[in-house]
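The next block holds one structure in the form of structure tokens; read it before the comments.
The values are calculated or read from the model by the stated rules, or taken from the named source; none is laboratory data. Computed from a predicted structure; not experimentally measured. Heads up, the Cβs are rebuilt from the backbone with ideal geometry, glycines too, and the neighbour counts pull from every protein chain shown. The protein model used for the area step is the full one, side chains on, heavy atoms only, and it has no ligands, DNA or RNA in it. Shrake-Rupley method; radii C 1.70, N 1.55, O 1.52, S 1.80 Å.
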Amino acid sequence: MPGMVLFGRRWAIASDDLVFPGFLELFLRVLWWIGILTLYLMYRGKLNCAGGALLSSYLIVLLVLLAVIICTVLAIVCVSMKGTICNPGPRKSMSKLLYIRLTLFLPEMVWASLGASWIADGVQCDRAIVNGVIATVVVRTQIWCPVTLQQASPFSISSRTASGIPGSLRRGSAVPQGPPSCRSRTTEYDLVGGDQLNCHFGSILQTTGLQYGDFVHISFHDKVYELPFLVALDHRKEAVVVAVRGTMSLQDILTDLSAESETLDLECEVKDCLAHKGISQAARYVYRRLINDGILSQAFSLAPEYRLVIVGHSLGAGAAALLSIMLRKSHPEVRCYAFSPPRGLLSKSLYEYSKNFTVSIVLGKDVIPRLSVTTFEDLKKRILRVIAHCNKPKYKILLYGCWYELFGGDPDNFPTELDGGDQRDLTQPLLGEQSLLTHGSPAYSFSSDSPLESPSKYPPLYPPGRIIHLEEEGTSGRFSCYTAQYTAKWSHESEFNKILIGPKMLTDHMPDILMRALDSVVANRAACMSCPAPGGAHVDMV
């Protein structure tokens with residue numbers, strides 16, 4: 001993975017990154033060469049016209065020039081396929097080949113310009129061959145070498161999570177007739193911030209199946225550490241429901257990224273009260289609104305016999321879990337249902353405390369319930385270790401990944417590490433990791449004093465409550481006819497202490513996919529009821 005050095009500077013592209021761009025250029029150049037050869041062979045007998053000798057010379061030289069370029073690109077592709085990710089030794093000739101390839105741009109541009117000049121001078125030959133020469137000039141201006149050095153964009157997991165409001169609000173006692181329209185109307189609930197045309201609220205009505213009179217308070221106010229939320233009455237479940245929205249804005253992302261831990265001031269018997277800073281501040285904001293503004297008091301004045309249920313998805317799930325801890329003393333019957341919550345949320349003692357009243361639901365390989373500062377550091381170490389041990393060229397790994405993404409399969413069938421940990425072929429260190437491979441030693445082993453094994457400076461944080469894991473039965477690819485089926489089981493938090501890389505690590509976090517998986521599991525209740533709750537505490541399901 002070391003970057004190539006060209007023109008006295010190191011580029012953010014490695015010598016084994018040119019396989020696929022080279023194949024693309026090779027394909028285009030060969031097609032171009034075949035087209036020009038066909039044109040010359042078909043019309044070489046008709047070049048005894050004014051300017052025909054020039055056109056004949058132009059096509060012959062162009063065929064030779066393209067043949068040289070094709071051979072050079074083929075050599076680039078073949079060299080780029082050699083070696084491994086962190087052993088670029090077999091690719092040491094790559095810089096010379098690139099210099100040759102870049103040099104060939106000059107005669108190519110000059111010859112294309114001459115062809116355009118000769119055509120402009122009014123060559124009086126068969127119109128078909130003239131148009132063919134014009135086409136070669138046009139094609140030359142359109143095809144630009146894919147091997148052009150450019151800074152590669154890093155992989156990012158920055159997809160915008162459109163979090164809904166699942167949980168107890170999924171279905172209500174009454175369903176409105178058709179989708180509500182986005183028009184101004186007199187509301188019977190408190191509305192804070194945005195939604196002047198009731199469009200967002202119309203979506204909430206359609207999703208939950210509740211009626212206007214079931215809502216006590218709706219807030220679309222959205223700032224850093226201040227999340228939108230609503231309070232509603234679910235008469236079918238006899239619950240006052242507080243639903244907190246997940247990540248849907250830049251402000252929410254900034255709240256997510258405040259990932260350092262802070263101490264919570266809680267009136268409970270828990271000693272080690274640490275939590276995710278951004279999410280805990282967001283939960284405190286909702287808590288102040290509920291208590292200081294009298295929103296909960298108003299809700300329970302309408303339904304004093306109901307109990308309190310708090311739900312949320314993603315960022316909202318983390319805030320809901322912390323909010324339920326804050327409200328636990330004043331509302332001992334509180335229940336929290338956290339859908340796809342972040343892992344880096346609670347200290348160990350708070351995690352154990354939340355098991356009495358919180359249930360988390362995680363789908364498949366969802367990355368968010370596995371994501372924390374410590375697991376992210378662990379992922380970095382594991383990736384570097386796999387790269388250091390890898391004995392496969394990069395293009396093969398990418399092809400395996402594309403096959404797995406499209407058609408599914410068992411990832412274990414695509415090994416990328418040296419058998420038995422043999423590292424004799426590894427001779428080059430990775431950039432930015434000074435001790436990943438010992439300088440001058442091909443037999444490096446990851447010892448305990450390696451920076452890769454150094455302890456994290458951040459305390460470990462855990463997901464909230466007891467965890468229901470919805471696992472997919474079998475595997476499926478993007479274009480397979482297989483319809484995903486899921487089973488539900490109680491799982492320990494240790495099953496989510498590593499980030500799993502896979503094609504569904506992001507899509508499994510989407511609320512619509514999560515709700516479809518829940519519906520399929522609920523349709524087969526035996527899959528849920530066959531798993532007894534693990535020891536001790538029992539959480540009543542609403």
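Table for the structure above
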{"item": "Region 484-504 residues that are within 14 Å of His469 (Cβ to Cβ), paired with ones that are of a type in the set (Ser, Thr, Tyr) (beta carbon under 6 Å, 6 or more apart)", "result": "Tyr486/Ser520; Glu493/Tyr462"}
{"item": "Looking only at region 218-232, and only at residues there that are in a strand (DSSP E or B) and open to solvent by 10 Å² or more (accessible area, probe 1.4 Å), the one that is farthest from Pro341 (Cα to Cα)", "result": "Lys223"}
{"item": "Test: residue in region 86-108 that is touching a helix residue (DSSP H, G or I) at 6+ places or on another chain (Cβ under 8 Å), hydroxyl-bearing (Ser, Thr, Tyr) and closer than 30 Å to Ile397 by Cβ", "result": "yes"}
{"item": "Which numbered condition Gly246 misses (of (1) in a loop (DSSP other than H, G, I, E, B); (2) of a type outside the set (Ser, Thr, Tyr); (3) surrounded by fewer than 23 Cβ atoms within 10 Å (Cβ to Cβ))", "result": "(3)"}
{"item": "Qualifying positions in region 264-290 - among the β-branched types (Val, Ile, Thr), part of a helix (DSSP H, G or I) and in contact with a Ser or Thr (Cβ under 8 Å, 6 or more places away or on another chain)", "result": "Ile279"}
{"item": "When residues of region 8-34 are limited to those that are in contact with a Ser or Thr (Cβ under 8 Å, 6 or more places away or on another chain) and small (Gly, Ala, Ser), the one modelled with the lowest pLDDT", "result": "Ser15"}
{"item": "Scan of region 354-396 for residues that are among the polar types (S, T, N, Q) and modelled with pLDDT under 95, ordered by number", "result": "Ser354, Asn356, Ser372, Thr374, Thr375, Asn391"}
{"item": "Filter result for the condition that a residue is without any contact (Cβ under 8 Å) to a residue 12 or more places away in the chain and among the aliphatic types (A, V, I, L, M), over Ala112, Ala67, Ala75, Ala53", "result": "Ala53"}
{"item": "Condition broken by Glu262, with the remaining ones in (1) among the acidic types (Asp, Glu); (2) under 21 Å from Met326 (Cβ atoms); (3) open to solvent by 50 Å² or more (accessible area, probe 1.4 Å) satisfied", "result": "(3)"}
{"item": "Residues within region 249-263 that are assigned to a loop (DSSP other than H, G, I, E, B) and under 21 Å from Leu274 (Cα atoms), tallied", "result": "3"}
{"item": "Subset of region 487-512 (residues that are among the polar types (S, T, N, Q) and either open to solvent by less than 20 Å² (accessible area, probe 1.4 Å) or in a helix (DSSP H, G or I) (or both))", "result": "Ser491, Ser494, Thr507"}
{"item": "Restricting region 233-243 to residues that are in a loop (DSSP other than H, G, I, E, B) and in contact with a strand residue (DSSP E or B) (Cβ under 8 Å, 6 or more places away or on another chain), the residue that is surrounded by the most Cβ atoms within 10 Å (Cβ to Cβ)", "result": "Lys237"}
